[in-house]
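Only one structure is covered here, and it is reproduced in the block below.
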Amino acid sequence: MAEAQAKNYKFKAEVSQLLDILTHSLYTHRDVFIRELVSNAADALDKVRLKDVMGEKVADPDQDLEIRITLDKDNKLVTIADTGIGMTRDELIGNIGTIARSGTSEFLKHLSETDQKDINLIGRFGVGFYSVFMAAEKVEVTSKSADRKEPAHVWISDGKGSFKIEPVKEKIQRGTTIKIFLRDDAMEFAEEFRVKSTIEKYSNFVPFPIYVGKEQVNKISAIWREPKSQIKPKQYNEFFKFIAHSGDDALTWMHFSADVPLQFHSLLFVPKTNFEMMGFGKDDEGIHLFVKRVLIDSHSKEILPPYLRFVRGVLESDDLPLNISRETLQENPYMLKIKNTVTSKFLEHLKTFAEKKQEEYQSFWDVHGRILKEGYSDYTHKDQVAALFRFDSSRCGDKESVSLDTYVGRMQEKQDAIYFLSGPSREVLDKNPALEIFKAKGIEVLYCYDPIDEFVLPGLFMYKEKKIMSADQVEMDALKDIPAAETPDKKEPDVEVDKKDADKLARRIKDILGDKVETVRLSERLVDSPAVLVGKEHAMSSQMEKIMHMMNKDAKLTPKIMEINRNHPIIMNMLKIYQNDPRDPLLERAVQSLFHSVLLLDGALDDIQDMASGIQNLLSETTDLYLKKKE
Ligand code: ADP
């Protein structure tokens, strides 16, 4: 409840710390405080307009919705007044007082990490109001809430650790008036041209008139409602900077209007940086939703699916009901149709962007690809989303990447699936024995380094009627009709090892390894390596298992199939030992070590102790043998 007495409060420690930085540093972008206060005023006006159209009773309903700035050089005073929703006493304390907003510490962290140059971003952390202390030695915020029962209060602070709240005695109208008592070094902000040019720079698109003295300074235009042909790239970029609090131009944008059967205007931008990856909270996400010129939600998440959450922009429809709430929006069938259409159009836009501006598209992919990939699970737009994906592959050169369409376009004649393999890097994947057969047959394999690809690619399941499969799970039958690309310049083995004999050896190896492998069989896929571990088709991909194993050591890896290359010297030697004596202990030790080495290549070796002692045993045996031979 309102208290009739003046009362002092302390700022939370991190707010004080932020204020301290703001008051003591000399920033080049000090003018952002005007942008922040004007933007708060505009939000407050939006809120009161929304209440009004929803039929709620507000105090002083006949006031014009506007922002007035007055400059008084003699008294070193700038005043910014709005007729918006205002704040109650509790709101003054909560919004610009004692309740620490999560953005405060995040912004402090950001400042320390960026050498304090990025003051420009303060608004995005939800603590824009405090920027006023870059220019003020004292601030007075007088506010009368739209709630008719609530009396007006004034909040006063010099930004040095505390603030005071007092009741306002005289009767005032709804809205907020901020008196900024300028520091001597900030007197430029009492100059009309300085303030006007700041508003033209940052606040041109504020949808309420902004007066400096008697003159309206901003142009108020809803550019998304205007015909495309009349808007220049510069205007688009200015608008983007305004709504996304961005210092950079946009990477690309789509301006699209529809009339029948759905009526809406949309203007959507892709930023050059990924705000989420930079650590901004989710609060910043979403699209401005307008209905009949009224801002219903400035962060609507109902317009685009979550995997396009890096997009910023505006959507306006005159066919939605004005009294629609965020909750009912979700279920509104008309809204769902708009969402579907605008998502499709936007994905189409990205596809054209990729075709026309390859280099810029690559930077788009590098920055936003990770989030876009989540779209694999959007059943309706799956193919459209998948067409935007890019991968490294066994055929790509440095800095090249491949789309699924390009991959399909250059598939071998009898190839009927898209193959991928996951691993930490190109170097590791290039050496994976499971790929030898693919190399021999000239089949391209997509290289996936991002753990999320483990869900994305199998999740897509098919693309352009081609199955998507992990290269280490494919049955050799699927590849048998594809001819070898070129005769490998390999020497034929001196002796062809009999298949039946080799099969016996395989059985003995399985005996020795026991449960560690599902089975041991002769390989068709190996060219240079003695052995490899492969998975069963349809099993969970091995990379995914490893991720789960990493998270939970108790999650056992399912035993894999070990394939041996009967033309490899090691296997041939093993066979000879086996034929002399199937129980030879050296054979057992050699098999264990071979198994450890393939586990290591597979990235799944847990028992380092075991492996090390195995190697050491073999070494002592071979060095002994070597010495005996010399004697
Ligand atoms: P943000 O605007 O990002 O939330 P700010 O620090 O700029 O962060 O403002 C904090 C809060 O104070 C706002 O969210 C709003 O609730 C309140 N506020 C600030 N200025 C005004 C104003 N002119 N009218 C009404 N409320 C305001």
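The values are calculated or read from the model by the stated rules, or taken from the named source; none is laboratory data. If you're wondering where the values come from, they're calculated on a predicted model, not measured in any experiment. As a convention, Cβ positions derive from the backbone with ideal geometry for all residues, glycine included, and neighbour counts pool all protein chains shown. Ligands, DNA and RNA are stripped out before the accessible areas are found, and what is left, the full protein with its side chains, is counted by its heavy atoms. Shrake-Rupley method; radii C 1.70, N 1.55, O 1.52, S 1.80 Å.
Applying both filters, DSSP loop and at most 12 other Cβ atoms within 10 Å, to the trypsin sites (Lys or Arg not before Pro) of the stretch 29-129 gives 57, 73, 117.
Geometric descriptor of the stretch 223-359, per residue, is 115 Å³ (volume of the convex hull of the Cα atoms).
For the stretch 588-631, the share of accessible area belonging to carbon and sulfur comes to 59 percent (1.4 Å probe, ligands and nucleic acids excluded). With protein chains left intact and a 1.4 Å probe, residues in the stretch 391-490 average 48 Å² of accessible area per residue. Label-to-label distance for residue 298 and residue 219 is 2.2 nm, based on points extended 7 Å past Cα in the beta-carbon direction. One way to sum up the overall shape of the chain is the equivalent ellipsoid from its Cα gyration tensor, whose semi-axes run 67, 29, 20 Å, largest first.
To put it simply, the accessible area of the stretch 223-359 at a 1.4 Å probe is 51 percent carbon and sulfur.
Remark on residue 418: its backbone amide H falls under 5 Å from those of 467, 468, 469, a criterion applied only to residues 5 or more positions apart or on other chains, H modelled at 1.01 Å from N. Under a model in which nothing but the beta-carbon of Lys, Arg (+1) and Asp, Glu (-1) is charged, the chain shows a dipole of about 800 debye around its Cα centre. In plain terms, the chain is cut at each of the chymotrypsin sites (Phe, Trp or Tyr not before Pro) found in a DSSP loop with at most 16 other Cβ atoms within 10 Å, and the longest leftover piece is 1-378. Across the protein chains, with a 1.4 Å probe defining accessible surface, the residues 501, 43, 74 rank 74, 43, 501 from largest area downward. If the chain linking residue 362 and residue 612 were pulled fully straight, counting 0.36 nm for each residue of separation and taking away their Cα-Cα distance, it would gain 85.6 nm. Computed from the C-beta positions of residue 425 and residue 13, the FRET efficiency with R₀ = 45 Å rounds to 0.55. Counting charges near residue 159 (Lys, Arg +1; Asp, Glu -1) among other residues having Cβ under 10 Å from its Cβ returns a value of -1.
For the stretch 130-228, just say rounded, prolate or oblate: build the C-alpha gyration tensor, square-root its eigenvalues into a ≥ b ≥ c, call rounded for a/c under 1.5, and beyond that prolate if a/b exceeds b/c, oblate if not. Here the stretch 130-228 falls in the oblate category. Counting only protein chain heavy atoms and rolling a 1.4 Å probe, the accessible areas of 112, 620 rank, largest first, as 112, 620.
Using heavy atoms of the protein chains and a probe of 1.4 Å, the accessible area assigned to residue 623 is about 70 Å². Model label points for residue 197 and residue 75, set 7 angstrom from Cα along the Cα-to-Cβ axis, are 2.7 nm apart. Per-residue ellipticity at 222 nm, computed for the chain from helices alone with -39500 (n - 2.57) per DSSP H run of at least four residues, works out to -11500 deg cm²/dmol. Distance between the pseudo-spin-label points of residue 504 and residue 475 (7 Å out from Cα toward the beta carbon): 2.9 nm.
Classify the stretch 213-276 as rounded, prolate or oblate, taking a ≥ b ≥ c as the square roots of the eigenvalues of its Cα gyration tensor: rounded when a/c is under 1.5, otherwise prolate if a/b is larger than b/c and oblate if not. Since a/c reaches 1.5 but b/c is at least a/b, the shape of the stretch 213-276 is classed as oblate. Computed with a 1.4 Å probe over protein heavy atoms only, the accessible surface of the stretch 2-216 comes to 46 Å² per residue.
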